[in-house]
1. What length, rounded to one decimal in nm, is gained on full extension from residue 119 through to residue 77, with 0.36 nm per residue of separation minus their alpha-carbon distance?
2. Counting helices only, and only those DSSP H runs with n ≥ 4, report the 222 nm mean residue ellipticity of the chain as the sum of -39,500 (n - 2.57) divided by its residues, in deg cm²/dmol to the nearest 500.
3. Run through all the Cα pairs of segment 48-173 and give the fraction in each 10 Å bin from 0, expressed as whole percent.
4. Mark the label point 7 Å from the Cα of residue 35 along Cα→Cβ and return the residues of segment 108-143 whose backbone N is within less than 17 Å of it.
5. Taking the simple approach of a point 7 Å from Cα along Cα-to-Cβ for both residue 105 and residue 164, what is their distance in nm?
6. So which helices of the chain fit the span-like rule, where a helix is a whole DSSP H run, its Cα atoms reach 18 Å or more along the axis, and its mean Kyte-Doolittle is at least 1.0?
7. Give the peptides 88-98, 53-63, 133-143 in descending order of average Cβ contacts within 10 Å, highest first.
8. Using the count of nearby Cβ atoms within 10 Å as a rough guide to exposure, how do 83, 33, 127 rank from fewest to most?
Amino acid sequence: MSNAAPAIILGLSIVTASAIYTFPVVVDWLDDRNVISTTNGSVRLGKIYNEMLKISVKIEDAKTGDVLFSVDEFADKAYMSMRSNFEKVVVEKNKEVKKGDNERFTLEGLKFKAPTIFKVKTYITYRSEHQSVFNLTVNEYEITVGDGESVNEALLKLQAHCEAMREEFLREHQMLKPV
């Protein structure tokens with residue numbers, strides 16, 4: 001029985017050493033398995049170097065389909081970028097107002113002249129080992145605004161949607177976890 005103890009220790013040492021030796025191989029194998037299933041098939045990413053949540057917003061005239069504004073930004077900047085476009089409209093409108101006229105335009109008072117649609121597409125951009133750039137659409141959403149409705153209220157709906165998409169990304173879609 002005294003000969004069995006050294007044999008067990010030697011056996012456990014060999015198993016532990018081989019596990020430590022193969023661990024990097026296992027990690028590489030797991031990294032190589034980052035596969036995303038889409039409606040068109042699977043996409044193998046391999047090691048993911050970078051992932052970004054982005055939102056594309058197009059504001060279109062509901063009748064003609066003409067694009068009034070378009071923004072393609074990171075999710076946390078999309079609302080402010082679109083708001084900035086409307087603030088520029090307010091500045092231009094206020095330049096047209098006569099000097100003695102007290103009526104000034106504000107973003108809160110700005111209203112749409114025609115039915116308008118905010119087309120919002122949320123997607124994740126991956127840069128990885130096997131795909132230099134891959135965009136995965138995770139949500140498409142529309143905000144319909146009627147004639148005479150407030151621009152500011154529509155922008156607040158956009159802001160709420162952007163925040164919800166960011167929370168969903170952090171909760172469900174993010175592959176690279178912050179350290």
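1. Gain on extension, residue 119 to residue 77, equals 13.5 nm.
2. That comes out to -12500 deg cm²/dmol.
3. So the P(r) values, bin by bin, are 12, 38, 28, 15, 6, 1, 0.
4. Taking a point 7 Å out along Cα→Cβ of residue 35, the residues of segment 108-143 whose backbone N falls under 17 Å are 129-131.
5. Output for this residue pair reads 3.0 nm.
6. The answer, listed by residue number, is 4-31.
7. Listed from highest to lowest mean packing, they are 53-63, 133-143, 88-98.
8. 33, 127, 83
Taken together, the values in this text are just the output of simple stated rules run on the coordinates, not laboratory data. This structure is a prediction, so every number in the text was calculated from the model and none was measured. Neighbour counts run over all protein chains shown; Cβ positions are idealised from the backbone, glycine included.
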